[in-house]
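The values are calculated or read from the model by the stated rules, or taken from the named source; none is laboratory data. Because the structure is predicted, anything quoted here is derived from the model rather than measured. Virtual Cβ from ideal backbone geometry, glycine too; neighbours counted across all protein chains shown. All accessible areas refer to the heavy atoms of the entire protein, side chains included, with ligands and DNA or RNA removed. Shrake-Rupley method; radii C 1.70, N 1.55, O 1.52, S 1.80 Å.
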Amino acid sequence: MVFDIDMIKSVYAAFPERIAAARKAVGRPLTLTEKILYAHLSEGEASQRHERGISYVDFKPDRVAMQDATAQMALLQFMQAGRAKVAVPSTVHCDHLIQAEVGANPDLAKAKDKNREVYDFLSSVSNKYGLGFWKPGAGIIHQVVLENYAFPGGMMIGTDSHTPNAGGLGMVAIGVGGADACDVMAGLPWELKFPKLIGVKLTGKLSGWTSAKDVILKVAGILTVKGGTGCIVEYFGEGARSLSATGKGTICNMGAEIGATTSIFGYDEKSEAYLRGTDRSEVADLANGIKEHLTGDPEVYADPEEYFNEIIEINLSELEPHVNGPFTPDLAWPLSKFADAVKENNWPQKLEVGLIGSCTNSSYEDISRAASLARQAVDKKLKAKSEYTITPGSEQVRYTVERDGFLGVFENMGGVVLANACGPCIGQWARHGAEKQEKNSIITSFNRNFAKRADGNPNTHSFVASPELVTAMAIAGDLTFNPMTDTLTNEEGQQVKLEEPAGLELPVKGFAVEDAGYQEPAADGSEVIVQVAPDSERLQLLEPFQPWEGTDLTGLKLLIKAKGKCTTDHISMAGPWLRFRGHLDNISNNLLIGAVNFFNDATNKVKNQLDGSYGEVPAVQRQYKLHNIGTVVVGDENYGEGSSREHAAMEPRFLGVRAILVKSFARIHETNLKKQGMLALTFDNPADYDLIQEDDSLDIIGLDTFAPGKALLVICHHADGSKDEIKVNHTYNAGQIRWFKAGSALNLVKENAI
């Protein structure tokens, strides 16, 4: 079925005139990214040119998507907004709370029982306020969105950092925090600093062992985890047109790992084929009617250096399969050099587990190519020497690949099919033995591989590759195995070689499904009661944060000076903590427990300046809150990298942290902090990070004249009586300063609704 067709028709009807107005305002040909952004200005037709990396711009997204872990807090906030129904089409997808342990059916049944309270809440709140609800087992949010909602030229925000997956179908799809989603669902504009543009020109064509995943693994190695910050990455060229729509989705999905705002491909024959293959021919027909507007202007791609801030060129015909990791998704190794890297770095050569699927690589094409290798293993009398798991991306994909025999092939090889959910990719993996914290290696077709992310073991060396390469290495049980050159010994003692993987972009018989898992909301939700028990340990109605007191902040204590990488996983862990995503007080007990304390190299052990003792970060912070003492968190580069989870901003706010002072921020996290009324500050001189001492008290001066572009001053009072004055910067505009003064952006939403 086609969802929200009237909305899509409306967007397309306005496209030609809006793009004409944008071209006039900008005064030159337009990239695809610019066309979509200017076509979605909240003001309507463009009246001026917006400066990349400088102008804050209000947009009007077409839809909102939320996964269950983040939807809880987003919808708890929306309930305070005073609206009877969401203003734009919105959906909730139950994919994060299903723990992988035994296999699909028992794991799903256990999750439904364990999380019944949360699912009932999400179902009822969706029913009341007009949101589409995708039940547990329906699939991973990004695959379900690609199959059902993504459309070329659209704009979507989603409360998950891998929302850019929809860029594979030509959509500007951006990961945000729940407060942003709340604003858009309440009918307010959504603000974004107009992004810079990185152009990636793809030439040639993939072949053999190389896949779309290798494109983004290569790009991640070039740009690093923060090289795309503040940028949209636009892919173009003959090579781009040769990729399947789901392959493009893979590339856009993992673009989150370079910090990019989003990534996008233009509309082409592959996009049309996928729309028709997923029963959306009506959308394809509409897109064909304006297809010249659903790609960049010819002049742009003829001379890209004139139109993009940065250009990368990759020849797909020469691209080699890659493996990225361990511990960071941008440590890129061409396959021909990976075996040597394993040996030189003393990484565990024995491969314990290979995992394929996730929101990044769970399409029909991915699974069919991996299955071709599994079939070879069975035919060549090879058994997988590593554990091997398969996570389908949606019930539609799962049903179809089961019908076509692929799941049976995996099982014959020794594989285990997991539920249609995020599972190990986001730490929902009850991996047996992980508690021993033994040094070991796993390889996945996922997107992130931070320490402890998958199984909680800091000594698990996690590597990222294509599903094909993961499958081949799982068969070999050896990280140094190169299927392009090496042979394996089968059960009969013969040397056999795996042939190149082969698969299909779309099923020959078409997709099929018995129950996709969708619940349509009530036409009138006014009588629906949202289910939240007053004594629940998993759900808690929100209280507004207090507004700024109108003075400089003085006498603040240092809570922690975080050392090195501090992602949202370090600030607010997932895994077992996902059960508290709807209860702000309870989940705040994981605040910064994964961050490394600069002063003792320990995690979850900081000094309590009230009595000189050392304690767990949340417990120490609660002591400060009890005594009405504000605190500051200090961090390193790219603080808040990773998932979009706004809990990483709400928890410190709730517990009384007043400011986060770092060398640099990841985009989504910085915005989340601003939305919650926090001060997000950066060192003017990054070397001043070294001035912060363990017993410091800090004053933040200049808030009485807080203004865009005007630096603030932090005075560090040291225990020996000396002090340092540190210049700190911020990126707040006038509207964001109003959020700070009101106590949160949501407080302003409520004021406007009254």
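Over the stretch 123-214, what is the relative contact order in percent, taking alpha-carbon pairs closer than 8 angstrom and at least six residues apart?
16 percent
If R₀ is 56 angstrom, what is the calculated FRET efficiency for the pair Asp704 and Gln495, using the beta carbon separation as r and rounding to 0.05?
Given R0 = 56 Å and the Cβ-Cβ separation, E is 0.15.
Taking the Cα-to-Cβ direction at Phe327 and at Asp515 and moving 7 Å from each Cα, how far apart do the two end points lie in nm?
Placing both labels 7 Å along Cα→Cβ, they lie 4.6 nm apart.
If I model a spin label at Glu411 and Leu541 as a point 7 Å from the Cα along the Cα→Cβ vector, what separation in nanometres do I get?
With each label point 7 Å from Cα toward Cβ, the separation is 4.8 nm.
Provide the percentage of antiparallel DSSP beta bridges, counting only those with both residues in the chain; round to the nearest 5.
So the antiparallel bridges in the chain amount to around 40 percent.
Taking H as built 1.01 Å from N, whose amide H comes closer than 5 Å to the amide H of Tyr388, not counting residues under 5 places away?
Excluding prolines and chain starts, which carry no amide H, the hits are Gly354, Val416.
Is the C-alpha gyration tensor of the stretch 234-302 telling us rounded, prolate or oblate? Criteria: a/c under 1.5 is rounded; beyond that, a/b larger than b/c is prolate, otherwise oblate.
oblate
Taking R0 as 22 Å, what's the FRET efficiency between Glu313 and Lys205 from their Cβ-Cβ distance, rounded to 0.05?
Given R0 = 22 Å and the Cβ-Cβ separation, E is 0.90.
Val528 to Ser281: extension gain in nm, 0.36 nm per residue of separation minus the Cα-Cα distance?
Going from the current span to full extension adds 85.4 nm.
Is the shape of the stretch 490-625 rounded, prolate or oblate, going by the alpha carbon gyration tensor and its root eigenvalues a ≥ b ≥ c, with a/c under 1.5 for rounded and a/b larger than b/c for prolate?
Since a/c reaches 1.5 but b/c is at least a/b, the shape of the stretch 490-625 is classed as oblate.
Please identify which residues in the stretch 585-627 have an amide N closer than 20 Å to a label point set 7 Å out from the Cα of Gln437, following the Cα→Cβ vector.
590-607, 614-619
Show me the trypsin sites (Lys or Arg not before Pro) within the stretch 71-153 that DSSP assigns to loop and that have at most 15 other Cβ atoms within 10 Å of their Cβ.
Passing both the DSSP loop test and the Cβ count: Lys85.
Using modelled amide H (1.01 Å from N, peptide plane; none on Pro or chain starts), what sits under 5 Å from the amide H of Asp268, excluding residues fewer than 5 places away?
none
For a 19 Å ceiling on Cα separation, which of these pairs sit above it: Lys35/Lys60; Lys193/Lys727; Lys218/Lys452; Lys35/Lys218; Lys350/Lys383; Lys565/Lys727?
Flagged as over cut-off: Lys193/Lys727; Lys218/Lys452; Lys35/Lys218; Lys565/Lys727.
Work out the FRET efficiency for Glu51 and Ala87 from their Cβ-Cβ distance, taking R0 = 25 Å, and round it to the nearest 0.05.
FRET efficiency, Glu51 to Ala87: 0.30.
Near the amide H of Val662, under 5 Å away, which other amide H atoms are found, from residues 5 or more places off or on another chain, if H is placed in the peptide plane?
Amide H neighbours of Val662, under 5 Å, 5+ apart: Gly635, Leu681, Thr682, Phe683.
In nanometres, what is the gap between the two model label sites at Ala14 and Thr487, each 7 Å from Cα along Cα-to-Cβ?
6.5 nm
In the stretch 299-403, what GluC sites (Glu not before Pro) fall in a loop by DSSP, with at most 14 other Cβ atoms inside 10 Å?
Glu318
Going by the alpha-carbon gyration tensor, a ≥ b ≥ c the square roots of its eigenvalues, is the stretch 386-499 rounded (a/c under 1.5) or, if a/c is not under 1.5, prolate (a/b greater than b/c) versus oblate?
Oblate, because a/c is 1.5 or more while a/b does not exceed b/c.
Rolling a 1.4 Å sphere over the protein heavy atoms, what is the accessible area per residue of the stretch 299-402, to the nearest Å²?
Accessible area per residue, the stretch 299-402: 39 Å².
Do any trypsin sites (Lys or Arg not before Pro) in the stretch 664-729 lie in a loop, going by DSSP, with at most 12 other beta-carbon atoms within 10 Å of their beta carbon, and if so which?
Loop-located and lightly packed - Lys710.
If I stretch the segment between Arg738 and Glu299 completely, what's the gain in nm (0.36 nm per residue apart, minus their alpha carbon distance), one decimal?
Gain in length upon complete extension: 153.9 nm.
In the chain, which whole DSSP H runs stretch at least 27 Å along their own axis (Cα) and average -0.5 or higher on the Kyte-Doolittle scale?
5-26
What is the list of residues in the stretch 535-563 whose amide nitrogen lies under 15 Å from a point 7 angstrom out from the Cα of Asp601, following Cα to Cβ?
Residues passing the 15 Å test: 563.
Report, in whole Å, the centroid distance computed from the Cα atoms of the stretch 539-613 and the stretch 388-441.
Here the answer is 33 Å between Cα centres.
With the full set of protein chains in place, find how many percent of the accessible area of the chain is carbon and sulfur; take the probe as 1.4 Å.
It is 47 percent, rounded to a whole number.
Convert each backbone phi in the stretch 515-522 into a coupling constant with the Karplus relation 6.51 cos²θ - 1.76 cosθ + 1.60 (shift: θ = phi - 60°), then list the ³J(HN,Hα) values in order as whole Hz, x for Gly and Pro.
9, 5, x, 9, 10, 7, x, 4
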